[in-house]
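Novice: Just passing along the structure, written as structure tokens.
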Amino acid sequence: MSKKVKKKPYDWPPPLEPDVTYVPKQRNPIHSILTALPVIMLIVGLYIHFQSESEQSHSAPIRAESMDAEGVFTGLSVVKSGSTGRHYLWFEEAGKARGARVQPSQAQALESLVRGEMIQLSMAPSVSGSNTHWVWHVEQDGVVFLDLSEQLQ
């Protein structure tokens with residue numbers, strides 16, 4: 001036989017008392033900080049990224065870290081970023097495609113390079129230890145298209 005249930009053991013949700021007004025709970029300050037943390041991290045990350053990009057693009061290449069390269073010129077490209085974008089000179093060295101940054105004003109001077117022909121170039125980072133190399137000298141068939149040797153650090 002089954003037991004007969006006479007009364008529910010509890011009422012859920014509990015009934016509202018007519019004399020009590022709704023008072024929101026106090027928010028835990030740790031919860032507030034943890035909720036805001038991803039937004040704070042995003043803002044700090046964007047600031048650091050744009051600060052380092054600005055330092056990269058507004059500094060002159062470092063002569064002591066300069067390196068020479070030779071390869072087949074494959075073209076120029078631009079990545080839409082900021083007001084002028086990031087410009088790259090592409091070449092193939094030992095079967096491997098490589099890109100080096102150029103200033104937007106320098107990209108126009110390099111448009112007359114002939115694709116598929118050998119180029120000799122010198123490049124260097126503008127921030128010590130950086131993997132981003134900036135072109136400061138470009139030569140193709142004995143013709144110098146870019147020479148910024150007087151601006152090196």
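The values are calculated or read from the model by the stated rules, or taken from the named source; none is laboratory data. Quantities reported herein were computed from a predicted structural model and do not represent experimental measurements. Glycine gets a Cβ as well: all are built from the backbone with ideal geometry, and neighbour counts include every protein chain shown. For accessibility, only protein heavy atoms count, side chains too; no ligands or nucleic acids. Shrake-Rupley method; radii C 1.70, N 1.55, O 1.52, S 1.80 Å.
Novice: Pairs only if they're at least six apart or on different chains, beta carbon under 9 angstrom, first in the stretch 63-92 and farther than 13 Å from Val138 by Cα and part of a loop (DSSP other than H, G, I, E, B), second open to solvent by 40 Å² or more (accessible area, probe 1.4 Å) and among the hydrophobic types (A, V, I, L, M, F, W, C); list them, first residue then second.
Specialist: These pairs meet every condition: Gly82/Phe50; Thr84/Val78; Gly85/Val78; Gly85/Val79.
Novice: Suppose the filter is more than 16 Å from the chain's Cα centre (by Cα) and either among the acidic types (Asp, Glu) or modelled with pLDDT of 85 or more (or both); does Ile30 pass it?
Specialist: On the way: more than 16 Å from the chain's Cα centre (by Cα): yes; either among the acidic types (Asp, Glu) or modelled with pLDDT of 85 or more (or both): yes.
Spelling it out, Ile30 is indeed more than 16 Å from the chain's Cα centre (by Cα) and either among the acidic types (Asp, Glu) or modelled with pLDDT of 85 or more (or both).
Novice: Within the group Leu16, Leu46, which residue is within 30 Å of Pro104 (Cα to Cα) and either without any contact (Cβ under 8 Å) to a residue 24 or more places away in the chain or touching a Lys or Arg at 6+ places or on another chain (Cβ under 8 Å) (or both)? Let's see the steps before the verdict.
Specialist: Working: Leu16 fails: within 30 Å of Pro104 (Cα to Cα).
One residue alone meets the criteria, Leu46.
Novice: Do we find that Gly99 is more than 16 Å from Ser54 (Cα to Cα), small (Gly, Ala, Ser), open to solvent by 10 Å² or more (accessible area, probe 1.4 Å) and part of a strand (DSSP E or B) in this structure?
Specialist: Values: more than 16 Å from Ser54 (Cα to Cα): yes; small (Gly, Ala, Ser): yes; open to solvent by 10 Å² or more (accessible area, probe 1.4 Å): yes; part of a strand (DSSP E or B): yes.
So Gly99 fits the description; yes.
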